[in-house]
1. Taking the residues in the range 1-43 that are closer than 23 Å to ASP61 by Cα and more than 18 Å from the chain's Cα centre (by Cα) as candidates, determine which candidate is surrounded by the most Cβ atoms within 10 Å (Cβ to Cβ).
2. Going through the range 57-85 one residue at a time, which ones are basic (Lys, Arg) and touching a strand residue (DSSP E or B) at 6+ places or on another chain (Cβ under 9 Å)?
3. Among the residues of the range 111-123, which ones are over 23 Å from SER17 (Cα atoms) and open to solvent by 50 Å² or more (accessible area, probe 1.4 Å)?
4. With the structure loaded, tell me whether ASP111 is in a helix (DSSP H, G or I) and either over 14 Å from the mean Cα position of the chain (by Cα) or of a type outside the set (A, V, I, L, M) (or both) or whether it fails that test.
5. For TYR108, all conditions in the list (1) in contact with a Gly (Cβ under 8 Å, 6 or more places away or on another chain); (2) surrounded by 13 or more Cβ atoms within 10 Å (Cβ to Cβ) hold save one; what is the number of the exception?
6. Do you know which of the residues in the range 75-98 that are aliphatic (A, V, I, L, M) and within 17 Å of SER50 (Cα to Cα) is most open to solvent (accessible area, probe 1.4 Å)?
7. Which residues, taken from the range 49-64, are open to solvent by 60 Å² or more (accessible area, probe 1.4 Å) and farther than 22 Å from GLN39 by Cβ?
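The values are calculated or read from the model by the stated rules, or taken from the named source; none is laboratory data. All of these numbers come straight from a predicted model, not from anything done at the bench. Heads up, the Cβs are rebuilt from the backbone with ideal geometry, glycines too, and the neighbour counts pull from every protein chain shown. Accessible surface is based on the protein model in full, side chains and every heavy atom, while ligands, DNA and RNA are left aside. Shrake-Rupley method; radii C 1.70, N 1.55, O 1.52, S 1.80 Å.
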Amino acid sequence: QVQLQESGGGLVQAGGSLRLSCAASGNIFNTNLMSWHRQAPGKERELVASITRKGTTNYVDSVKGRFSISRDNAKNTVYLQMNNLQADDTAVYYCRIEGNYGTNPWLYEFDAWGQGTQVTVSS
């Protein structure tokens, strides 16, 4: 019912920047928590950043001061601005959007994940 489209991944040199985008489509009534996760080879998937509907943000310590998450509620889109990228940031990045879909009052919860986009940082 709800699908996410990710874009913006690629190959960058250490110290470079990249901006990821993730847009939800479908019969969306509202969106709530939006977040970005990543999984590096041989490691578990970790939560990188999250943002509430009102704009409250949280970050994993390793990206604080370098990454910034933002959202556009009208477009059902979440972004991740990544600056001063390091080799340890290399991973597949996944977006996640939670919310409700349907037509009021027949509403249902959704918890959708993107398919992932590769971010590779070379030294």
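1. VAL12
2. Across the range 57-85, the qualifying residues are ARG66, ARG71, LYS75.
3. From the range 111-123, those over 23 Å from SER17 (Cα atoms) are 111-113; that's our starting set.
ASP111, TRP113, listed by residue number.
4. Values: in a helix (DSSP H, G or I): no; either over 14 Å from the mean Cα position of the chain (by Cα) or of a type outside the set (A, V, I, L, M) (or both): yes.
Considered against the rule, which asks whether it is in a helix (DSSP H, G or I) and either over 14 Å from the mean Cα position of the chain (by Cα) or of a type outside the set (A, V, I, L, M) (or both), ASP111 comes out as no.
5. (2)
6. Applying the first criterion (aliphatic (A, V, I, L, M)) to the range 75-98 yields 78, 80, 82, 85, 87, 91-92, 97.
Add one more test, that the residue is within 17 Å of SER50 (Cα to Cα), and what stays is 78, 80, 82, 92, 97.
Values: VAL78: 0, LEU80: 0, MET82: 0, VAL92: 36, ILE97: 0 Å².
Restricting to residues being aliphatic (A, V, I, L, M) and within 17 Å of SER50 (Cα to Cα), the top hit is VAL92.
7. Taking the range 49-64 as the starting set, the residues that turn out to be open to solvent by 60 Å² or more (accessible area, probe 1.4 Å) are 53-54, 56, 58, 61-62, 64.
ARG53, LYS54, THR56, listed by residue number.
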